[in-house]
1. Can you pick out the pairs among 37/61; 29/50; 35/61; 35/63; 88/110 whose Cα atoms lie more than 28 Å from each other?
2. Sorted by average packing, counted as other Cβ atoms within 10 angstrom per residue and highest first, what order do 28-37, 55-64, 145-154, 97-106 take?
3. Can you work out ³J(HN,Hα) from phi for every residue in the stretch 71-78, in order, using Karplus 6.51 cos²θ - 1.76 cosθ + 1.60 and θ = phi - 60°, giving whole Hz and x for Gly and Pro?
4. Please compute the modelled spin-label separation between residue 104 and residue 72, points set 7 Å along Cα→Cβ, answer in nm with one decimal.
5. Need the full-extension length gain, residue 40 to residue 88, defined as separation in residues times 0.36 nm minus the C-alpha distance. One decimal, nm.
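Derivation of every value follows stated rules applied to the coordinates shown; laboratory data play no part. Since the model is a prediction, treat every value here as computed from it, not as a measurement. Every residue, glycine as well, gets a Cβ built from its backbone with ideal geometry; the counts of neighbours run over all protein chains shown.
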Amino acid sequence: MNIIITSSILLAPVLLLGAVTAAEIDLSKLPPPSKQKGVTYAKDIQPVLKANCFRCHGDEKAKAALRLDSLEAALKGSKEGKVIVPGKSEKSLLVIAVAQLDPEKSMPPKPRGGHRGRPGGGPGGPPPGGPGPGPKSEPLTAEQVGLVRAWIDQGAK
C-alpha cells in the first residue's frame with residue numbers, strides 16, 4: 001500500500017526547505033525505521049548530524065534559524081516551526097528532508113544545474129551541500145535515515 005501525502009499538507013511550515021509546492025511526496029519511499037532499540041540523540045543521532053548537517057545547522061551557522069547541534073535546539077525547530085514530531089517520523093520535516101524524497105527540499109541540498117565540475121554549478125556558487133569551507137556534506141544513507149526515524153519514533157530523546 002503506497003501512502004502519498006501532498007506536500008502542501010505535510011510541509012505546511014516552510015522550514016528551511018523553500019517554498020512548498022503541490023508536488024506529492026511518496027512516503028512509501030522512506031527507508032524503514034531502524035530496528036535498533038534505545039536510540040538517543042547523544043549516542044546515535046548527534047554523530048550523524050555532526051558529520052552531515054552542522055556546517056549549515058550548527059552553533060556557528062544556523063540556516064533558517066535551525067540548529068541541530070543539540071537535542072534541545074533540534075526539538076525547538078526552525079524559524080518556521082518544529083521539524084521533529086516525536087513519535088511520528090513520517091510526519092517530521094527533518095526526515096522528509098534528509099530522506100531526499102523531493103529534490104527541491106532535500107537536505108543537504110542537491111546540486112543545481114549549471115556547469116559540471118564547478119562548485120554550485122557555476123562560478124562563484126556555493127559548493128553542493130551548502131556554502132562554506134570544508135568537505136561537502138553528503139546525503140544520509142538509507143541506514144542513517146532509518147536510524148533518525150527510529151530515534152523520532154522512539155520519542156526523540
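1. 37/61; 35/61; 35/63
2. Top of the packing list down: 145-154, 97-106, 55-64, 28-37.
3. Result, rounded to whole Hz: 4, 4, 5, 4, 5, 5, x, 9.
4. So the label points at residue 72 and residue 104 sit 3.6 nm apart.
5. 15.7 nm
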